[in-house]
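Report on one structure; see the data block that follows.
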Amino acid sequence: MDIIKIVITGGPCGGKSTGMEWIRKAFTEEQGWRVVIVPETATELIGGGVTPWTCGTNLDYQKCQMRLQLEKEDIFGQGVRTMDADRVLMVCDRGALDNKIYMNEEEYAEVLRFVGRDEQSLLDSYDAVFHLVTAADGAEAYYSLDNNGARYETPAQAVEMDRRGIRCWSSHHHLRIIDNSTGFDEKMERLIAEIRSFLDDRQAGSK
C-alpha cells in the first residue's frame with residue numbers, strides 16, 4: 001500500500017475547509033486513490049471548551065493539542081493500513097508544526113520534550129505541505145470571522161499568523177504556498193494542481 005501523508009495549512013480564512021472538499025472530490029474521482037482526512041485539532045479542542053484561556057496556562061493547552069494531534073495522526077494511520085486500497089491520500093487539516101506558531105521557544109521546547117519528539121522527526125512525518133495564504137493578505141474584502149467559531153484574529157493579526165506559519169514550515173522539503181493572486185475558485189484549482197503534480201512526481205520517482 002502506498003500511503004501519502006500531506007498537510008493543508010494556512011492563515012486564518014485561507015480556504016482550508018473548502019480546500020478539503022475540493023481535495024476529497026478531485027482525488028476520490030481519480031482511479032486508485034482513497035482519500036482520508038484528519039480533522040483540525042485546535043477547532044475540536046476549542047469548540048469543546050479546552051482552550052488556551054481556560055487551561056491553566058498556554059503551555060498546558062499546547063501539550064494537550066500536540067499530544068492529540070499526534071495521536072490522531074497515528075490512529076488514522078493505523079486505520080488506513082487496514083483498508084483495502086492500493087493508494088491512500090491521508091490529508092491532515094493542519095499539522096504538528098502549526099502548533100509552534102502559538103508558542104515561544106521555551107514552550108515549544110517543553111512541548112517537544114513532553115511528546116518525546118524533535119522538530120525534524122515531525123517535519124519528516126509529512127510527505128508534502130500546502131499553505132493557503134490568508135484572505136487578509138491579497139483578498140481583504142473576503143476576510144471573515146463568521147465561518148469558524150475558533151477564529152478571532154484581526155486582518156493584521158491574520159497576516160502575521162500566516163507569515164509565522166510559513167516560517168514554521170519553511171524547512172520542509174516540499175512546501176508549496178498558494179497565494180491570492182487569482183480568484184478563489186482558481187486558488188482552489190491551483191491547490192489541486194500542486195497536489196496532483198506532487199503525486200505524479202512521487203509515483204514517477206517510485207517506478
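Computed over the chain with a Gaussian network model linking Cα atoms closer than 10 Å, the most mobile of GLU153, GLU30, GLU21 is GLU30. Springs join every pair of Cα atoms under 10 Å in this Gaussian network model of the chain, and among VAL115, VAL133, VAL88 the largest mean-square fluctuation is at VAL115.
Note on the chain: GNM, Cα springs under 10 Å; of THR28, THR43, THR54, the largest mean-square fluctuation is that of THR54.
Residue-wise HN-Hα couplings along the range 57-72, as the Karplus relation 6.51 cos²θ - 1.76 cosθ + 1.60 with θ = phi - 60° gives them from phi, are 9, 4, 4, 4, 5, 5, 4, 4, 5, 5, 4, 5, 4, 5, 5, 4 Hz; Gly and Pro carry x. The Cβ shell under 11 Å around GLN78 holds other residues with a net charge of -1, Lys and Arg each +1, Asp and Glu each -1.
Annotation: amide H of CYS92 within the under-5 Å range of ILE6, VAL7, ILE8, VAL38, sequence separation 5 or more or interchain, hydrogens built in the peptide plane. Rg and Dmax of the chain, based on Cα coordinates, read 16.8, 52 Å.
Excluding the site residues themselves, the longest part of the chain lacking any chymotrypsin sites (Phe, Trp or Tyr not before Pro) in a DSSP loop with at most 16 other Cβ atoms within 10 Å is 54-151.
A helix-only calculation puts the chain at -15500 deg cm²/dmol for mean residue ellipticity at 222 nm, using -39500 (n - 2.57) for each DSSP H run of at least four residues, averaged over all residues. Amide hydrogen proximity for ALA135: with H placed 1.01 Å from N in the peptide plane, the residues at 5 or more positions away or on another chain lying under 5 Å are GLY14. With θ taken as phi - 60° and the Karplus curve 6.51 cos²θ - 1.76 cosθ + 1.60 applied, the whole-hertz 3J(HN,Hα) list for the range 163-174 is 5, 5, x, 4, 5, 4, 9, 4, 7, 6, 5, 9 Hz, x standing for glycine and proline.
Can you sort MET1, MET20, MET90 from fewest to most other Cβ atoms within 10 Å of each residue's own Cβ?
Neighbour counts put them in this order, fewest first: MET1, MET20, MET90.
Seen through its C-alpha gyration tensor, with square-root eigenvalues sorted a ≥ b ≥ c, the range 35-149 comes out oblate because a/c lies at 1.5 or above while a/b is not bigger than b/c.
Bear in mind these aren't lab numbers, they're just calculated from the coordinates by the rules spelled out. Predicted model, so just to flag it, every value in this text is computed and none were measured. Reconstructed Cβ throughout: ideal geometry from the backbone, glycine too, with neighbour counts over all protein chains shown.
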